[in-house]
Every structure is written in C-alpha cells, then in structure tokens.
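What follows is a short report on a single structure.
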Amino acid sequence: MNTLGPVNERTSAQYTATLTDELGAVIDGTALDTATLTLYDAATLTTINSRSAQNVKNTNSVTISAAGALVWALAPADNIIVREGNETEDHIALFTFTWGGGSAKACVHPVKIRVTNVALVP
C-alpha cells in the first residue's frame with residue numbers, strides 16, 4: 001500500500017502515482033472507463049469529505065494523464081481529524097479504475113494517509 005504523510009490536519013497536500021496494469025505497463029488515463037475515490041478513516045470506516053465512490057476521472061481535484069500520471073490535490077477538508085483526542089489518524093484513499101471497454105480490466109489503488117492532529121486548528 002502506498003503512503004502519504006504525515007500531513008497536518010486541515011492542510012492542503014498532493015499525492016502522485018503512476019497507474020500500471022497487472023503486467024507493469026502504464027495505463028493510459030484517457031482509456032479509463034471509470035475512476036473513483038473513496039476516502040475514509042481506517043479505524044471507524046467513516047467517509048471523509050463526501051468522497052464515497054466519487055468520480056475522479058479528471059474531476060474533483062484528480063487528474064490522470066495519457067502517460068498514467070495520477071495527481072490528487074487534497075483539500076483541507078480531506079485531512080480532517082475524525083476522532084478527537086488522537087495524535088494521529090490513518091485515513092485510506094481507495095482509488096478504483098476500470099478500462100478495456102465494458103470494464104474488462106480493473107484495479108484498486110489504496111493509499112494510507114497519516115494525518116497529524118495539530119492543537120488549536122479551528
């Protein structure tokens with residue numbers, strides 16, 4: 001599983017990756033049938049920032065290029081503390097992709113995000 005962080009709560013961040021298929025070949029982002037993102041707290045499974053199977057095929061702060069470059073610009077609302085009192089929390093961003101016409105091929109791309117609770121953040 002890829003990781004990002006630590007990221008301070010309620011701050012912007014960026015995640016980048018290269019999409020590859022089961023053989024290691026780059027997936028052309030323009031050939032994707034679907035691209036979705038679910039973001040949740042790992043301990044409680046609470047959805048964060050309404051990102052539940054959200055379309056991210058070059059929308060909702062995610063871009064995916066023909067060269068397979070995925071870039072997600074995380075907003076401050078993506079990095080909230082769900083369970084007050086924790087010094088850190090692990091959040092999971094679960095990207096799901098299909099391609100090949102009729103969704104013949106699919107992959108999931110999980111990312112663990114360590115979010116740091118910063119005292120006095122409004």
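Every number in this text was worked out from the coordinates using simple rules, so none of it is lab data. Since the structure is predicted, the reported quantities are computational estimates derived from the model, not experimental observations. Cβ coordinates were reconstructed from backbone atoms using ideal geometry, including for glycine residues, and neighbour counts include every protein chain displayed.
Return a whole-number percent for the relative contact order of the chain, with Cα pairs under 8 Å and 6 or more residues apart as the contact set.
Rounded, it is 37 percent for the chain.
For the stretch 61-122, what class follows from the C-alpha gyration tensor (a ≥ b ≥ c being the square roots of its eigenvalues): rounded when a/c is under 1.5, otherwise prolate if a/b is larger than b/c, else oblate?
Prolate, since a/c reaches 1.5 and a/b exceeds b/c.
Label the chain by shape, choosing from rounded, prolate and oblate, from the square roots a ≥ b ≥ c of the eigenvalues of the Cα gyration tensor; if a/c is under 1.5 it is rounded, and otherwise prolate applies when a/b is larger than b/c, oblate when it is not.
prolate
With an 8 Å cut-off on Cα pairs and a minimum separation of 6 or more residues, tell me the relative contact order of the stretch 40-99 in percent.
It rounds to 38 percent for the stretch 40-99.
Decide, for the stretch 15-70, between rounded, prolate and oblate: order the square roots of the alpha carbon gyration tensor eigenvalues as a ≥ b ≥ c, take rounded if a/c falls under 1.5, and otherwise choose prolate if a/b is larger than b/c, else oblate.
Because a/c hits 1.5 or more and a/b exceeds b/c, the stretch 15-70 counts as prolate.
Antiparallel DSSP bridges in the chain: what percent, to the nearest 5?
85
Suppose every Lys and Arg Cβ carries +1 and every Asp and Glu Cβ carries -1, with no other charges. What dipole size does the stretch 41-122 come out with about its Cα centre, to the nearest 20 debye?
Details: 6 positive and 6 negative charges, 79 e Å.
The dipole of the stretch 41-122 has a size of about 380 debye.
Would you mind computing, in nm to one decimal, how far apart the modelled labels at Lys57 and Lys112 are, each placed 7 Å from Cα along Cα→Cβ?
3.1
For the stretch 9-54, what is the charge dipole size about the Cα centre, in debye to the nearest 20, if Lys and Arg each add +1 at the Cβ and Asp and Glu each add -1 at the Cβ? If you can, show how the numbers build up before the last one.
Details: 2 positive and 6 negative charges, 55 e Å.
Its charge dipole is roughly 260 debye.
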